[in-house]
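Novice: Just passing along the structure, written as structure tokens.
The values are calculated or read from the model by the stated rules, or taken from the named source; none is laboratory data. Since we're looking at a predicted model, the values are computed, not measured. All Cβ positions, glycine included, derive from the backbone under ideal geometry; neighbour counts span all protein chains shown. Keep in mind that these areas ignore ligands, DNA and RNA; they rest on the heavy atoms of the full protein, side chains included. Shrake-Rupley method; radii C 1.70, N 1.55, O 1.52, S 1.80 Å.
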Amino acid sequence: MSAPAENLGLRHWLESDAPASRRQAVMGNLWRGLLAILTNPAALVGLIIIGFLIFVAMAAPLLAFGHSPYDQDLAHRLAPPDAVHWFGTDELGRDIYGRVIYGARVTLTIVVLVSVVVAPIGLAVGTFAGFLGGAVDVVLMRITDIFLAFPRLVLALAFAAALGPGIENAVIAISLTAWPPYARIARAETATIAKSDFISAVRLQGASTPRILLKHIVPLCLSSVIVRLTLDMAGIILTAAGLGFLGLGAQPPTAEWGAMVSAGREVILDQWWVATVPGIAIFIVSLGFNLLGDGLRDVFDPKASS
Amino acid sequence: MASMITVEDLRVTFTSAGRPFRAVDGVSFAVEKGETFGIVGESGSGKSTILKAIAGLIPFEAGKLELAGERVTEARSRPQRRLLQYVFQDPYGSLHPRQTVDDALREPLLVQGLPRADETIAAALSDVGLELKHRFRYPHQLSGGQRQRVAIARALILEPPILLLDEPTSALDVSVQAEILNLLAALRKARGTTSILVSHDLAVVAHLCEHVAVMRGGKLVEILSTPALREGRVQRPYTRQLVAASEGYAQQS
Amino acid sequence: MSALLEVEKLNVIFPGRGGETRAVRDVSFTLGRERLGIVGESGSGKSTTGRAILGLLPHSTRITADKLMLAGQDLRHLSEPEWRKLRGRRISMVMQDPKYSLNPVKSVGWQIEEPLRLHLRITSAEAKKRALTMLEAVQIRDPELVYQLYPHQLSGGMGQRVMIAMMLITEPDLLIADEPTSALDVTVQNEVLRILDRLVRERGMGLIFISHNLTIVSSFCDRVLVMYGGKVMEECLASELTKAKHPYTRALIASVPLLNQPRAKLATVTRDPAWLA
């Protein structure tokens, strides 16, 4: 075993069964979670793909190797993949490779923004409804039902059309349609958790309802919400792509994978690479999130929540 | 001298399948300061329900419910919460799975705004026989007996004058039960807490309590002193049945 | 008295992520037509021993024994079809909570008749007759009515009696009862024990009574096996339990609070690692 001494020491510190500080306990827990994820094949593959996506998005300028997503070269429009343009060029002569690389940023932005909006809203609505019950529960859940009654893409379309084109509006439109399932999940979990003795204990200590919800109940709902989010990501990307496809969402000349597929639709028979390459990118990223979600669910579920 | 806990005509009604059901039907008793009062009964007798009502965890009606001389209803103010604490039956369900022992003990101090949390927590841990190495563990890293110790520490950290114990050892192995019962006896002696202990086990109740109330079907059957119970000076046939049953199986001749 | 069940050096090993667990270690005992109590705390291996005798452990478990015989039949390496012929016919098991051990979607009558249907050639009329007789034998006051009920309509005590009826209807040689009264109220426990007592005596069966409750085991059984950490610490007559020799047994007895013996402090068990050597 030629592992450096510091690594052995760190691992021992993380796996200690007698943590000496809160930080050590939390880090140890995260470490165990990470190990569980890394040993789950689905989660690992998903994590690698997503990691790759994040890497590409962050290092886009470097990875583009000088291929700008915006430079037009009308003399070489719709050129097939070759040594200069690795994935060919689109209808305006722009390099597809560069556009796909920069498109990762747009995709990642949309996915992160939607998550950041949808999870807190869903959790807030769901935990209040589940904990307080009664009239609050009824009102909140009926509002949720109203949003749920519409088909996602149609509702997103309606909002996007009403708000106007652009990525920010697309994010808002998608968020408005994506939050209800999280409220439902949070409410169901909260209703069960609220009956637990440890919640009664905290009530007996005099904790206020917001404190109980935020500090004690939300952490327990998080795993379900995270799993659902990762599984939803694929749908969010596809909705964004759909909006882009329809001309809402990202506007030209921004490189967005959905918009790229849309533009390449007209020449798909002869110049297949224009639509196919961004399409493959959408597929791979959706698959990555799906796998990660499946793996996370396996990791969170069998964990004995004793 | 007023009792520490006065319960007069306590009634708790649940709705089951659309119909009202009296879980506790007009129960009255009083507990003196420093005393440990036992409530014994079989399942469905209402013994745990009485405890939950006194703690204000469920709605109830009563002629009178007084804690430390103060009349209380179901709604309790934050300062009133310091009067009374609770130890639950299931050591596996009474601790938050994502919080360390330190978190669990710190929370009541934070909620009540008490200072010097670190020292208080360290003292609470040693009072219940836990070591420093347990302080930052999560519940799943503790045994049943250790979790129950944490639950007891958590209940006592606010130094309540009243402690309610709901079958605190029923889910534990016999040897662990002995340790916890010894701990409870020692803590009672050191702090002079007034307690109500609920159990289905007569021997456990007799071990810790001075008086025992027998419950059946929501009604109070009788209240007797522990010496009377041990000597068999019981008045009601049901109590006699319970005593006989607790002595094990009698082979028919 | 010839031995009904012979167990010699039974070992049960569970595979696990972090290594193997030896749940049962070198357990040996014989059982005649008598009552043997196996007492221990959680993790002592008592339930696992019972399940090993019935072949009810998961396939990934490693079970080895020098001898594991039921009335001359070797129980080691039986195939699943061979086990099925034995279970419910020659060996039966009564478990702790009828809420979980009775099938919630089948009527009481159907469940009691099931072992008969599986093991004997019998008409449904005859099966019903025997089921009703069995319900009477477990002191159910209105057998015709209970025959038609479903498990959720039964009280704990009744459910356990139904379970006993179901398990004894084929007149097995050996009954293994795993905490049969632990989920019951104390006044009901004795009723159920009385029924078990009579039936076991009348049919001349062997009974293995697994429990964590020393008081019940010592008053109900003839002999007692005390287990700890998968090993047998002590084997003695139930009547002589108070004169037990092993420190674990003595400590266990001393740690139980008794109604008629007040004690200021209960003895606690100081676990000696030498016991598990």
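Novice: Which of the aspartates and glutamates could a cross-linker bridge to residue C:106, judged by Cα under 13 Å and excluding same-chain residues fewer than eight apart?
Specialist: Cα-Cα hits under 13 Å: C:114.
Novice: Treating only the Cβ atoms of Lys and Arg (+1) and Asp and Glu (-1) as charged, compute the dipole magnitude of the protein assembly as shown about its Cα centre; round to the nearest 20 debye.
Specialist: Numbers: 87 positive and 79 negative charges, 319 e Å.
That gives a dipole near 1540 debye.
Novice: Give me the percent of the accessible area of chain C that comes from carbon and sulfur atoms, probe 1.4 Å, all protein chains in place.
Specialist: 50 percent
Novice: Just going by the charge dipole of the protein assembly as shown, with Lys and Arg at +1 and Asp and Glu at -1 on Cβ, which of B:211, C:225, A:107 is farthest out on the positive end?
Specialist: Most positive-ward Cα: B:211.
Novice: Enter the mean number of other protein chain beta carbons within 10 Å of the beta carbon of each residue in B:41-49, as an integer. Please report the intermediate quantities before stating the final value.
Specialist: Numbers: counts 2, 6, 7, 2, 1, 0, 0, 0, 0.
Per-residue shielding by partner chains comes out at 2.
Novice: Also, quick follow-up: Straight distance only, please: which lysines reach the Cα of residue C:231 with their own Cα at less than 29 Å, same-chain residues fewer than 8 apart left out?
Specialist: Here the lysines satisfying the reach criterion relative to residue C:231 are C:9, C:46, C:67, C:243, C:245, C:265.
Novice: Counting only protein heavy atoms, what percent of the accessible surface of chain A is carbon or sulfur at a 1.4 Å probe?
Specialist: So the carbon and sulfur contribution to the accessible surface is 70 percent.
Novice: Then there's this: Give me the distance in nm between label points sitting 7 Å out from Cα along the Cα-to-Cβ direction at residue C:110 and residue B:64, one decimal.
Specialist: 5.7 nm
Novice: For region B:79-185, what relative contact order do you get, as a whole percent, if you take Cα pairs closer than 8 Å and at least 6 residues apart?
Specialist: It rounds to 43 percent for region B:79-185.
Novice: Quick check: Cα centre of region B:215-234 to Cα centre of region A:70-103, how many Å?
Specialist: What the calculation gives is 90 Å, centre to centre.
Novice: In Å² (nearest 100), what accessible area is buried between C and B, both sides summed, heavy protein atoms only, 1.4 Å probe?
Specialist: Summed over both sides, the interface buries about 2600 Å².
Novice: Within chain B, what's the longest stretch lacking trypsin sites (Lys or Arg not before Pro) that sit in DSSP loops with no more than 11 other Cβ atoms inside 10 Å?
Specialist: Looking at chain B, B:117-232 is the longest stretch - no exposed trypsin sites (Lys or Arg not before Pro) with at most 11 other Cβ atoms within 10 Å.
Novice: Something else now. Counting only DSSP beta bridges with both residues in the protein assembly as shown, what percent are antiparallel, rounded to the nearest 5? Numbers along the way, then the final one.
Specialist: On the way: 48 of 86 bridges.
Bridges in the protein assembly as shown that DSSP calls antiparallel: roughly 55 percent.
Novice: Placing unit charges on C-beta atoms (Lys and Arg positive, Asp and Glu negative, everything else neutral), compute the dipole magnitude of region B:41-198 about its Cα centre in debye, rounded to 20. List each step's numbers first, then the result.
Specialist: On the way: 20 positive and 18 negative charges, 64 e Å.
So the magnitude is around 300 debye.
Novice: Once both labels are modelled 7 Å past Cα along the beta-carbon direction, what's the residue B:250-residue B:140 spacing in nm?
Specialist: 4.8 nm
Novice: Next question. Which whole number gives the average count of other chain Cβ atoms within 10 Å of the Cβ atoms across peptide A:20-30? Write down the numbers at each step before the final one.
Specialist: On the way: counts 4, 4, 6, 1, 2, 10, 5, 0, 4, 4, 0.
Mean shielding by partner chains, rounded to a whole number: 4.
Novice: Going through the DSSP H helices of chain B, which span 24 Å or more along their own axis at the Cα atoms while scoring at least 0.0 as a mean Kyte-Doolittle hydropathy?
Specialist: Span-like helices in chain B: B:174-191.
Novice: Which whole number of Å³ per residue matches the convex hull of the alpha-carbon atoms in the protein assembly as shown?
Specialist: 237 Å³
Novice: Determine which aspartates and glutamates satisfy two conditions relative to residue B:219: a Cα distance under 14 Å, and not lying fewer than 8 residues away in the same chain.
Specialist: Result set, ordered by chain and number: B:8, B:9, B:25, B:42.
Novice: Interface B/A, total buried accessible area with a 1.4 Å probe, nearest 100 Å²?
Specialist: 2800 Å²
Novice: Relative to the first principal axis of the alpha-carbon coordinates of chain C, what is the inclination of helix C:108-119, with its axis defined by its Cα atoms, in degrees from 0 to 90 and to the nearest 10?
Specialist: For helix C:108-119, the angle is close to 80 degrees.
Novice: Hey, how many Å between the Cα centroid of region A:161-182 and the Cα centroid of region C:54-112?
Specialist: So the two Cα centres are separated by 59 Å.
Novice: Where in region C:196-255 are there trypsin sites (Lys or Arg not before Pro) that are in a DSSP coil and have at most 11 other Cβ atoms within 10 angstrom of their Cβ?
Specialist: The qualifying sites are C:245.
Novice: Here's another thing I want to ask about it. Of B:246, B:186, B:234, which is farthest towards the positive pole of region B:166-253's charge dipole, taken about the Cα centre with +1 and -1 on the beta-carbons of Lys, Arg and Asp, Glu respectively?
Specialist: Of the listed residues, the answer is B:234.
Novice: Keeping all protein chains in place, calculate the accessible area per residue for chain A (probe 1.4 angstrom), answer in Å².
Specialist: Working: 14710 Å² over 306 residues.
That works out to 48 Å² per residue.
Novice: Count the DSSP beta bridges whose two residues both fall in region B:104-252, then state the antiparallel fraction as a percent rounded to the nearest 5.
Specialist: Details: 6 of 11 bridges.
If I count the DSSP bridges inside region B:104-252, around 55 percent turn out antiparallel.
Novice: Given an 8 Å cut-off on Cα distances and at least 6 residues of separation, report the relative contact order of region A:10-159 as a percent.
Specialist: So the answer I get is 14 percent.
Novice: Then there's this: Give me the inter-chain shielding for B:103-116: mean count of other chain Cβ atoms within 10 Å, whole number please.
Specialist: Shielding by partners across B:103-116 averages 3.
Novice: Nearest 5 percent is fine: what portion of the DSSP beta bridges confined to chain C is antiparallel?
Specialist: Around 55 percent antiparallel, to the nearest 5.
Novice: In chain A, which helices (entire DSSP H runs) extend 18 Å or more along their own long axis, judged by Cα positions, while averaging at least -0.5 on the Kyte-Doolittle scale?
Specialist: Within chain A the helices that satisfy the rule are A:22-38, A:41-58, A:96-132, A:134-149, A:180-193, A:218-245, A:273-300.
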